[in-house]
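> One structure, pasted below without further comment.
The values are calculated or read from the model by the stated rules, or taken from the named source; none is laboratory data. These numbers come from a predicted model, not from an experiment. Quick reminder, even Gly has a Cβ in these numbers, built from the backbone with ideal geometry, and neighbours come from all protein chains shown. Each accessible area value is taken on the protein alone, full model and side chains, heavy atoms only, with ligands, DNA and RNA left out. Shrake-Rupley method; radii C 1.70, N 1.55, O 1.52, S 1.80 Å.
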Amino acid sequence: MRTNIGKSTQSIWGGEQEHELYERSTQVPVVHSVSFAYKDIDTWHKVALGEEPGHIYSRNTNPTVRAFEDKVKVLEGAQAATSFSSGMAAISNTLATFLKPGDRVVSIKDSYGGTNVIFNEFLPPLGIEVALCATGDYEELETQIDKGCTLLYLETPTNPTIKIVDIKRLSAKAHSVGALVVVDNTFATPINQLPLELGADIVLHSASKYLGGHADALGGVICASKELVQQVYHYREINGATLAPMDAYSLLRGMKTLKLRVERQNDNAMAVARYLESHPMVEQVNYPGLESHAGHDIAKQQMSGFGGMLSFSVHGGLDAIKKFLPRLNYAHMAANLGCVETVVGPPVTTSHVECTAQERAAAGIPEGLVRYSTGIEDIEDLINDLEQALSVLK
Ligand SMILES: *Cc1c(COP(=O)(O)O)cnc(C)c1O
């Protein structure tokens, strides 16, 4: 598919024109077939060797899953993509593909909670050293990269404190020591940020969030050069963390409105952030679109929109949150994010549920923080809803 077309056109047509669809259907069919049958051994053999297009077994490839991969590939401007049963499967399979004993990973303290568990708990016993740096501290990050770095792992904006990391600067530094650069683009989406254009080697997503957008399917995906994707695909096909065809279909369908949703979420989040910033009971608002945000200038350079995620703390900490959050009429109190409905929750039950109170404190996450994933509701209703819920705190 041509890459000089707009993101809305890409999210609608991407991945859907390269292959003939079933019996002239206009929509990608859900192919619920474990395997694909052949009439002669020679053709079967050629497909198995990759010399002819086709599918053999759905743990490896499947037509519905391939359409999903192709759509994300087009949106991220990548050569290739491969998918997984969840975002964590995308992350763990990618790390397992490229790391071996003696290697060294440099990353930030603010990565997703599950990713943090891999870094702190799963990699060190395999003889893989992990250096986690303060997220805004470029001096520390660059010093650690110089000490030895096989893989630099970044995430921006971060969860749940919504910090911004300079992808271009750190990718250039990591490449100077021959490291591979991986960026988790879940929060930004390819509508707001294109890490491969900024110098990353691999971009990955929890598709369960914005890509699907309707909180009804789990999935993960990575995009990169053909060579890198082939290596991760090979690990995943054997490891078996395969995306199911029905989930691939739900994600594909959700992605057709990706740009519409994300643009609306960018606008709603900006308005909510400005409203909260002026509220007397609100202590601090973390949103990269605000001039007061420490990463505002870098966000302006590397993002075309500031995203739908924000977080804020209120006076009175966790007790205050327990009082006002349940009063919101138009927000789920839940652990997911990035869907059409507004979703709220404190890190203690969402992003950092796996961590102890001490670990959250060490990561600079106040117990009284609220993560706010802006939906596509009418903005007046979201602000009125916050107003009535926060009014109990006065
Ligand atoms: C949710 C999330 C993940 C994990 O994805 P799952 O699909 O839940 O496995 C990884 N990174 C970020 C930034 C996320 O928000």
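> Which one of Ser176, Ser11, Ser304 has the biggest mean-square fluctuation once the chain is modelled by GNM with Cα springs under 10 Å?
Ser176
> So what are the ³J(HN,Hα) numbers for segment 167-176, from phi and the Karplus equation (6.51, -1.76, 1.60; θ = phi - 60°), rounded to whole Hz, Gly and Pro as x?
Running phi through 6.51 cos²θ - 1.76 cosθ + 1.60 with θ = phi - 60° gives 5, 5, 4, 6, 5, 4, 5, 5, 5, 5 Hz.
> Can you give the charge dipole size of the chain about its Cα centre, rounded to the nearest 20 debye, using +1 on the beta carbon of Lys and Arg and -1 on the beta carbon of Asp and Glu?
The dipole magnitude comes to about 260 debye.
> Also, I was wondering about something else. Going 7 Å from the Cα of Ala334 toward and past its Cβ, which residues in segment 369-393 have a backbone nitrogen under 16 Å from where you end up?
371-377
> Net charge near Gly127, counting Lys/Arg +1 and Asp/Glu -1 over other residues with Cβ under 10 Å of its Cβ?
Value of the local net charge: -1.
> For an R0 of 25 angstrom, estimate the FRET efficiency from the Cβ-Cβ distance between Gln17 and Val47 and round to the nearest 0.05.
Efficiency computed from Cβ-Cβ geometry: 0.70.
> Would you kindly calculate the translational diffusion coefficient of segment 265-311, applying Stokes-Einstein with the Kirkwood radius from alpha carbon pairs, for 25 °C and a viscosity of 0.890 mPa s, and quote it in µm² s⁻¹ without decimals?
228 µm²/s
> Same structure again: Considering only protein heavy atoms, with the full assembly of protein chains and a 1.4 angstrom probe, order His315, His45 by accessible area, largest first.
Values: His315 80, His45 105 Å².
Per-residue accessible area, sorted high to low, gives His45, His315.
> Extension gain His55-Glu277, at 0.36 nm per residue separation less the Cα-Cα distance, in nm?
74.6 nm
> A further question on this structure: Between Rg and the Kirkwood Rh of segment 258-393, both from Cα atoms, what is the Rg to Rh ratio?
0.94
> Still on this model: From largest to smallest, what semi-axes in whole angstrom does segment 1-81 give when each is the square root of 5 times an eigenvalue of its alpha carbon gyration tensor?
Each semi-axis is the square root of five times an eigenvalue, giving 26, 14, 11 Å.
> Could you state the principal axis extents of the C-alpha atoms in segment 36-164, from the largest down, to the nearest angstrom?
60, 31, 23
> At 1.4 Å probe size, with every protein chain present, just tell me what the per residue accessible area of the chain comes to in Å².
Normalised by residue count, the accessible surface of the chain is 43 Å².
> Could you let me know the centre-to-centre spacing of segment 137-198 and segment 276-335, using Cα atoms, in angstrom?
Computed from Cα coordinates, the inter-centre distance equals 23 Å.
> Further, regarding this structure: Give the share of C-alpha pairs in each 5 angstrom bin for segment 7-255, from 0 to the last occupied bin, in whole percents, shortest bins first.
Once binned at 5 Å, the Cα pair distances of segment 7-255 give 1, 6, 14, 18, 19, 15, 11, 8, 5, 2, 1, 0, 0.
> Can you work out the Karplus-derived ³J(HN,Hα) for every residue in segment 11-17? Use 6.51 cos²θ - 1.76 cosθ + 1.60 with θ = phi - 60°, whole Hz, and x for glycine or proline.
Values per residue, Gly and Pro as x: 6, 8, 9, x, x, 10, 10 Hz.
> Further question: Can you list, bin by bin at 5 Å, the percent of alpha carbon pairs in segment 231-290, starting at 0?
Once binned at 5 Å, the Cα pair distances of segment 231-290 give 4, 14, 13, 11, 11, 10, 11, 12, 8, 5, 1.
> For segment 156-232, would you read off the P(r) tail past 18 Å as a percentage of all alpha carbon pairs?
Numbers: 1277 of 2926 pairs.
Cα-Cα pairs of segment 156-232 separated by over 18 Å account for 44 percent.
> Of Thr135, Ile164, Val30, which is farthest along the charge dipole of segment 7-255 in the positive direction, counting Lys and Arg as +1 and Asp and Glu as -1 at C-beta?
Towards the positive end, the residue furthest out is Val30.
> Taking Cα atoms, how many degrees apart are the long axis of helix 258-277 and the longest axis of the chain, rounded to 10 and kept between 0 and 90?
On a 0 to 90 degree scale, this one is about 10.
> If you don't mind, there's one more thing I want to ask. Using 5 Å bins from zero, what percent of all Cα-Cα pairs in segment 127-187 falls into each bin?
Result returned by the calculation: 4, 18, 32, 27, 14, 5, 0.
> Roughly speaking, to the nearest percent, how much of the chain's 1.4 Å accessible area is carbon and sulfur? The partial results should precede the final answer.
On the way: 8920 of 17020 Å².
Whole-percent figure for carbon plus sulfur exposure: 52.
> Calculated from DSSP H runs of 4 or more alone, at -39500 (n - 2.57) each and per residue, what is the 222 nm mean residue ellipticity of the chain, nearest 500? Write down the numbers at each step before the final one.
Numbers: 15 runs with 147 residues, N = 394.
It comes out at -11000 deg cm²/dmol, rounded to the nearest 500.
> Taking the Cα of Gln388, stepping 7 Å toward and past its beta carbon, and measuring to each backbone N in segment 336-370: which are under 20 Å?
341-345
> Quickly work out the Phe122-to-Lys322 label distance, labels modelled 7 Å from Cα along the C-beta direction, and quote it in nm with one decimal.
3.3 nm
> Quick check: net charge around Ala78, other residues with Cβ under 13 Å of its Cβ, Lys/Arg +1 and Asp/Glu -1?
-3
> Turning to a different aspect of this structure: HN-Hα J couplings of segment 187-192 from phi, Karplus 6.51/-1.76/1.60, θ = phi - 60°, integer Hz, Gly and Pro as x?
So the J values, rounded to whole Hz, are 5, 7, 6, x, 6, 9.
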